[in-house]
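Report on the structure given below.
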Amino acid sequence: MRPGGRRQEPIRIMSQHPNPQQRPRVLSGMRPTGKLHLGNYMGALANWVKLQAQYDCYFFIADWHALTTDYADTTKVTDNIKEVLLDYLAAGLDAEKSVIFLQSRVPQHAELALLLGMSTPLGWLERVPSYKEMQENLTSRDLTTYGFLGYPVLMSADILLYQPDFVPVGQDQQAHVELTREIARRFNQFYSLDGREVLPEPKSLLTPSPKLPGTDGRKMSKSYGNTILISDPEPEVRKKLKTMVTDPARIRRTDKGDPDKCPVGDLHKVFSTPETLAKVYDGCRSAGIGCIECKGWAADSLVQVLAPIQERRAAITEPQALEIMNEGSRRAGMRAEQTMTEVREAMKMPLTTVKGA
Ligand code: TRP
Ligand code: SF4
């Protein structure tokens, strides 16, 4: 040490952030659609679980978003919230590492959505690809509503409220994050705080999602009724696999097939070990194995992946899960209020400019 010099600070290793708040922040959420399936897990949740190691994470349940399409019948929303919450925790979201919360328990989402709505041009919303698409697909409901058109504004508020660096989403949501950036940019053009941007533009973090077919061979999706749930017990997984469609060229046991043309083959590629996969390719192409045997192996692989998830789910009670969500919502609310204080001040809203109001 130099005479009279101060002791040098120990060198900090990047991975040992003294304050988790200094890590880059991520935020993401899902609509509460009920029990989650393997597609939800592989396309989002499994990735979120990994992100917890490196980021300051906020994960939420977007219950207000459910109303944009299900406003006429809200009876299932509460149950669906509980199921999604249990699935989040079962999959490995950890309240020690992440803030896990419910959108409607943080009313600042509504406040920011309202304020952002003031400056969002209608044309931007009408151009969102999912807008026309969903209206055409969900013909059983009247989606010519203000709430449905405004969905991306609410989503922008969900995101910008936490001033995150990244938003992990699948490809289907990328356009929404892009619009969020535009909405933020416009806000920042109108308002700032001492020359500083209040709503930084977040980047989307594209979640790589493997091709995951449902039991009928189409993309796994709740609306197709072809899902395997992450909470399905082993017998159910085996039963669903048995009904799964296979390579249409393999009609008889003696017909040769191709796992690359078979939905069961796709499941093997995602969930099976390289050894099992090699046996599948060999056996299928030589007609050395039957589809029933092959499906049994696929079920084995799935059951292995699901076992730790289901163990965790069995270990959590509903009151414990709700307590985690309540505490997470309280913490999210504090973080959200920090942003809203800046937003109100930047917008010179009476709350901050009329002293004592
Ligand atoms: N729109 C998303 C979906 O349908 C859910 C969502 C709402 C969301 N708000 C969000 C995702 C904010 C990421 C960030 O899946
Ligand atoms: Fe599909 Fe397996 Fe049958 Fe081949 S053996 S067609 S991969 S189920």
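The values are calculated or read from the model by the stated rules, or taken from the named source; none is laboratory data. Fair warning: this is a prediction, and the values are worked out from it, not measured in the lab. Reconstructed Cβ throughout: ideal geometry from the backbone, glycine too, with neighbour counts over all protein chains shown.
The figures follow:
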item	result
Positions within the range 153-181 being in a helix (DSSP H, G or I), under 18 Å from residue 112 (Cα atoms) and touching a Pro at 6+ places or on another chain (Cβ under 9 Å), in sequence order	159, 160, 176, 177, 179, 180, 181
Members of the range 33-60 that are modelled with pLDDT of 95 or more, farther than 16 Å from residue 167 by Cβ and within 10 Å of ligand 1 (Cβ to nearest atom)	40
Any hit, the range 274-294, residues being assigned by TED's automatic domain parsing to the domain that holds residue 235, near ligand 2 (Cβ under 9 Å from one of its atoms) and of a type in the set (Asp, Glu)	yes
The range 192-214: number of residues that are surrounded by fewer than 20 Cβ atoms within 10 Å (Cβ to Cβ) and either farther than 28 Å from residue 295 by Cβ or modelled with pLDDT of 95 or more (or both)	11
Residue that is nearest to residue 304 (Cα to Cα) [pool: residues in the range 61-77 that are within 13 Å of ligand 1 (Cβ to nearest atom) and of a type outside the set (Gly, Ala, Ser)]	61
The range 99-143, subset assigned to a loop (DSSP other than H, G, I, E, B) and at pLDDT below 95, residue farthest from residue 184 (Cα to Cα)	140
Residue 234 being farther than 18 Å from residue 264 by Cβ, charged (D, E, K, R) and at pLDDT 95 or above	no
Residue 327 vs. criteria among the charged types (D, E, K, R), without any contact (Cβ under 8 Å) to a residue 24 or more places away in the chain and part of a helix (DSSP H, G or I)	no
Lone unmet requirement of (1) among the aliphatic types (A, V, I, L, M); (2) under 26 Å from residue 207 (Cα atoms); (3) crowded, with 22+ Cβ neighbours inside 10 Å for residue 95	(3)
Hits in the range 82-103 - residues which are small (Gly, Ala, Ser), over 13 Å from residue 328 (Cβ atoms) and over 14 Å from the mean Cα position of the chain (by Cα)	90
The range 122-137 residues that are under 13 Å from residue 153 (Cα atoms) and outside the structural domain of residue 151 (by TED's automatic domain parsing), paired with ones that are of a type in the set (A, V, I, L, M) and assigned to a helix (DSSP H, G or I) (beta carbon under 8 Å, 6 or more apart)	none
